[in-house]
Amino acid sequence: MKTLELRNLKKTYFDPYAGSHVTAVHDVSLEVQQGDFVSVVGPSGCGKTTILNMVAGFIPHSGGEILLNGKAINGPGPERGVVFQSFALFPWKTVLDNVGFGPKMRGVPKAERDRIAHEYLALAGLSHAASRYPNELSGGMQQRVGVVRALANHPEVLLMDEPFASVDAQTRMTLQEELTRIWQERRPTVIFITHDVAEAVFLANRVVVLSKGRVLDQIEVALPRPRVWDDLIEDETFKRLSAQVLHMVRSA
Amino acid sequence: MNILLRSWSAYTRATARWPGLAALVPFIPVIALWVAVTESGMFPRAFLPGPVEVVKAFFSLTYRGILPDYLQDSLVRLFTGAALGMAIGIPLGILIGTSKWAHRVSWPILLFFQAIGDIAWLPILLIWFGFGLTTMTFVIVYTVLFPVVLNTVLGVESVPRDLARAARSLGASPARVLWEVTLPGALPNIITGLRNGLGYGWRALIAVEMIVGTSGIGFMMFDARRSGSVVEILLGMIILGLLWYIVDAWILAPIERATGQRWGLVTS
Ligand SMILES: Nc1ncnc2c1ncn2[C@@H]1O[C@H](COP(=O)(O)OP(=O)(O)OP(=O)(O)O)[C@@H](O)[C@H]1O
Ligand SMILES: [Mg+2]
């Protein structure tokens, strides 16, 4: 069953200084099945963030359609959760209240949303940090909160834009492994944007390669799960797929 | 050298224990100088009284109930004006900060009126409202308003765009984004604006009381000039400084720190 569908999506920005239009996304069509995990890679400036922002409803699209369960999207909404590269945690709320924010907006009573938040914090190994403020956490912990905050709201689609780009390499690997584990447990539909080819292949069932605002190719990743770096780093299939995607991105 | 070093370390330890001490000790040389000048006989006593006379005046005026009454009048005026200024300034600042349109329309007007300044309004206010509470309140509201509005706008605009987007994707309506994200995000700036506004307002109030007042600290000082009582003038000046120190250092600054620093919005 397909959840999300992009049809001939197009985005043109107006540059007020140059007084001209820039087309960031020319013509992108994409289907994502329910419970699927899709990575989107491409060179810098190819329109990845623009696509994600349109799907999230943060910016309007200039042409084509974005359908969620067959219905056109209209602005941001809780059925499309977002994980930001900047984490975007509310600095004045504790970790617990950050995670409970989505349920709070749905009108879930305090005791129940605290229970939900505790459950999801446990999922990310963050139970001990519940009463702390975001600025008291490391970058890796902050982004765990970011992921769990989006998940606790039960979105139909989880949109992630380079969420692990600003944490160190070791932590990033841990976060990637945790994300695959959580995804297997909860099976949300995920669109994961990155320019890190190995990350794209490691996480996804399918890697979409973008180039200059168009889909260049899509590659199925039939690696077994659970995926852990210690195994995959030596794995022939993983190496072959990563090399294949890398060549595509570099020639894009 | 050794003694200096040791007494300095004793001083830092003492002030760490009693923070109030750190605020008082710097005044010791100032008071000593004051005493030295008055005791030297350079000036007649009526021209420059010493600290002892001022303290005596403080007790006598307090005992007669004049000082408490005037102090209360001044403070009530300041806080009424500040409350009104906030009630107008914060919503206005949020409107200007969130709406490009409101920003474009109101910004030139704001800067224009900010330049006119509080006291510059007095001549026309005296004609319109006469010598009284309305005129005083207008001036204080006016002084408090600009720092509150400008800092609120600054605060609203400094809230990262991703925070509002995150809230929207978690199901918040635009109105709830305002309440849950924009307001708390702008709060440290709003408090800074209030702190500045109260400081300006306090000074404006004293000036206005001198001109239109029939009570208040400013009136007391100006009235003392008429009777040639330098003691009361000095007392008024000292009260102005002390009171502001208490309000700012013990109330406003801690609130500002508590919001900004705890959230990591202000790196301290
Ligand atoms: N607000 C904007 N106004 C004008 N042009 C924009 C705007 N945002 C993005 N662009 C342009 O659109 C193109 C695509 O940008 P986008 O941010 O989507 O790229 P990206 O693939 O996410 O790149 P990166 O990997 O560097 O994050 C770029 O050429 C960029 O300059
Ligand atoms: Mg990007």
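May I ask for the Kirkwood hydrodynamic radius of the stretch A:1-65, worked out over all distinct Cα pairs and given in angstroms to one decimal?
Values: mean 1/r = 0.0783 Å⁻¹.
With all distinct Cα pairs of the stretch A:1-65 included, I get 12.8 Å.
Given q = 0.11, 0.18 Å⁻¹, what are the Debye log10 I(q)/I(0) values for the stretch A:141-252, with equal point scatterers placed on the Cα positions and solvent ignored?
After summing over all Cα pairs, the log10 values are -0.35, -0.97.
What nm value, rounded to one decimal, do you get for the distance between B:THR134 and B:ARG225 when each label is placed 7 Å out toward the C-beta?
2.7 nm
Once the dipole of the protein assembly as shown is set up with Lys and Arg at +1 and Asp and Glu at -1 on Cβ about the Cα centre, which of A:SER131, B:SER158, B:VAL141 lies farthest towards its positive end?
It is B:VAL141, whose Cα lies furthest towards the positive end.
What residue among B:GLY50, B:PRO26, B:LEU5 has its Cα farthest toward the positive end of the dipole of the stretch B:1-67, where the charges are +1 on Lys, Arg and -1 on Asp, Glu, each on the Cβ?
B:LEU5
Near the amide H of A:THR3, under 5 Å away, which other amide H atoms are found, from residues 5 or more places off or on another chain, if H is placed in the peptide plane?
A:VAL32, A:GLN33, A:GLN34
How much mean residue ellipticity at 222 nm does the protein assembly as shown get from its helices, if each DSSP H run of length 4 or more adds -39500 (n - 2.57) and you divide by all residues, to the nearest 500 deg cm²/dmol? Let's see the in-between values first.
Values: 23 runs with 303 residues, N = 520.
Only helices count here, giving -18500 deg cm²/dmol.
Å³ per residue of the Cα convex hull, for the stretch B:162-237?
Values: hull volume 7.8 nm³, N = 76.
Considering the Cα atoms of the stretch B:162-237, their hull volume per residue is 103 Å³.
Dipole size in debye (nearest 20) for the protein assembly as shown around its Cα centre, Lys and Arg Cβ +1, Asp and Glu Cβ -1?
About 480 debye.
Stokes-Einstein at 25 °C, 0.890 mPa s, Kirkwood radius from Cα pairs: D for chain A in µm² s⁻¹?
Working: Rh = 18.8 Å.
Translational D for this selection: 131 µm²/s.
Percent of Cα-Cα pairs per 10 Å bin, from 0 to the last occupied bin, for the protein assembly as shown, please list those.
Taking all Cα pairs of the protein assembly as shown, the binned fractions are 3, 14, 19, 18, 14, 11, 10, 6, 3, 1 percent.
Give the aspartates and glutamates whose C-alpha is closer than 14 Å to that of A:LYS11, dropping any in the same chain fewer than 8 places away, or say none.
Output for A:LYS11: A:ASP27, A:GLU65.
What percentages make up the Cα-Cα pair-distance distribution of the stretch A:182-227 when the bins are 10 Å wide from 0?
23, 56, 19, 3
Assigning unit charges at the beta carbon (Lys, Arg +1; Asp, Glu -1) and nothing else, what dipole magnitude in debye, to the nearest 20, does chain B show about its Cα centre? Intermediate values should be presented prior to the final figure.
Details: 19 positive and 13 negative charges, 141 e Å.
Computed charge dipole of chain B: roughly 680 debye.
I'd like the FRET efficiency for B:LEU5 and B:PHE58, computed as 1/(1 + (r/R0)^6) with the beta carbon distance as r and R0 of 51 Å, rounded to 0.05.
The computed FRET efficiency comes out at 0.85.
So what's the stretch B:1-118 giving for Rg/Rh, alpha carbon basis, Kirkwood Rh from the mean inverse pair distance? Intermediate values should be presented prior to the final figure.
Numbers: Rg = 24.4 Å, Rh = 20.3 Å.
Value, to two decimals: 1.20.
Would you list the P(r) distribution for the stretch A:138-202, with all Cα-Cα distances sorted into 10 Å bins from 0 and each bin expressed as a whole %?
Over the stretch A:138-202, the share of Cα pairs per 10 Å bin runs 20, 61, 19 percent.
Suppose the Debye formula is applied to equal point scatterers at every Cα of the stretch A:87-211; what is log10 I(q)/I(0) at q = 0.10, 0.19 Å⁻¹?
Listed by q, the Debye log ratios stand at -0.30, -1.05.
Once you've got the GNM for chain A with C-alpha springs shorter than 10 Å, pick whichever of A:ALA200, A:ALA150, A:ALA24 has the biggest mean-square fluctuation.
A:ALA24
Just counting partner chain Cβ atoms within 10 Å, what average do the residues of peptide B:157-166 show around their Cβ? Write out the running numbers ahead of the final one.
Working: counts 0, 0, 0, 5, 3, 9, 7, 3, 8, 16.
Whole-number average of other-chain Cβ neighbours for B:157-166 is 5.
Testing the spin-label approximation: label points 7 Å from Cα along Cα→Cβ at B:MET42 and B:ARG104. State their distance in nm.
That separation, rounded to one decimal, is 6.1 nm.
Express in nm, to one decimal, how much length is gained between B:GLN114 and B:TRP179 on full extension, taking 0.36 nm for each residue of separation and deducting their alpha carbon distance.
Values: separation 65, 0.36 × 65 = 23.40 nm, distance 2.81 nm.
Extending this stretch completely gives an extra 20.6 nm.
Hey, got the Cα dimensions of the stretch B:136-268 along the principal axes, in Å, largest first?
Result, largest extent first: 69, 30, 16 Å.
Treat each spin label as a single point 7 Å out from the Cα along the C-beta direction, and report the A:ALA165 to A:LYS239 distance in nm.
The two pseudo-label positions are separated by 2.9 nm.
Taking a threshold of 25 Å on the Cα-Cα distance, which of the pairs A:LYS2/A:LYS48; A:LYS48/A:LYS71; A:LYS2/A:LYS239 fall above it? Write out the running numbers ahead of the final one.
Working: A:LYS2/A:LYS48 21 Å; A:LYS48/A:LYS71 22 Å; A:LYS2/A:LYS239 30 Å.
Checking Cα-Cα distances, A:LYS2/A:LYS239 exceed 25 Å.
Once you've got the GNM for chain B with C-alpha springs shorter than 10 Å, pick whichever of B:VAL149, B:VAL230, B:VAL177 has the biggest mean-square fluctuation.
Of the options given, B:VAL177 has the highest mean-square fluctuation.
Please find, in a Gaussian network model of chain A (springs between Cα atoms separated by less than 10 Å), the residue of A:VAL215, A:VAL40, A:VAL99 whose mean-square fluctuation is greatest.
In this elastic network of chain A, the residue with the biggest mean-square fluctuation among A:VAL215, A:VAL40, A:VAL99 is A:VAL215.
Pop the C-beta distance of B:TYR245 and A:HIS154 into the FRET formula with R0 = 51 Å and round what comes out to the nearest 0.05. List each step's numbers first, then the result.
Numbers: r = 53 Å, r/R0 = 1.05.
Using R0 = 51 Å, I get an efficiency of 0.45.
If the reach is capped at under 16 angstrom between alpha carbons, list the lysines near A:LYS104, excluding any in the same chain fewer than eight residues apart.
A:LYS93
Other chains near A:78-84: what is the mean number of their Cβ atoms within 10 Å of each residue's Cβ? Intermediate results must be reported in sequence, preceding the final value.
On the way: counts 5, 2, 1, 4, 6, 2, 6.
Per residue, the average neighbour count from other chains is 4.
Across all directions of projection, what mean area in square nanometres is found for the Cα convex hull of the stretch A:17-143? Show your work: numbers first, answer last.
Numbers: hull surface 43.4 nm².
So the Cα hull casts an average projection of 10.8 nm².
Full extension from A:ASP230 to A:SER127: what is 0.36 nm times the residue separation minus their Cα-Cα distance, to one decimal in nm? Don't skip to the answer; put the middle values down first.
On the way: separation 103, 0.36 × 103 = 37.08 nm, distance 2.65 nm.
Computed gain between A:ASP230 and A:SER127 is 34.4 nm.
In whole Hz and in residue order, list the ³J(HN,Hα) couplings for the stretch A:68-84 that follow from phi through the Karplus curve 6.51 cos²θ - 1.76 cosθ + 1.60, θ = phi - 60°; x for Gly and Pro.
So the Karplus estimates, Gly and Pro as x, are 10, 6, x, 10, 5, 7, 9, x, x, x, x, 6, 10, x, 10, 10, 9 Hz.
Since every read-out is calculated from the coordinates, none of them should be taken as a lab result. Computed from a predicted structure; not experimentally measured. For neighbour counting, all protein chains shown are included, and Cβ atoms are generated from backbone atoms with ideal geometry for every residue, glycine included.
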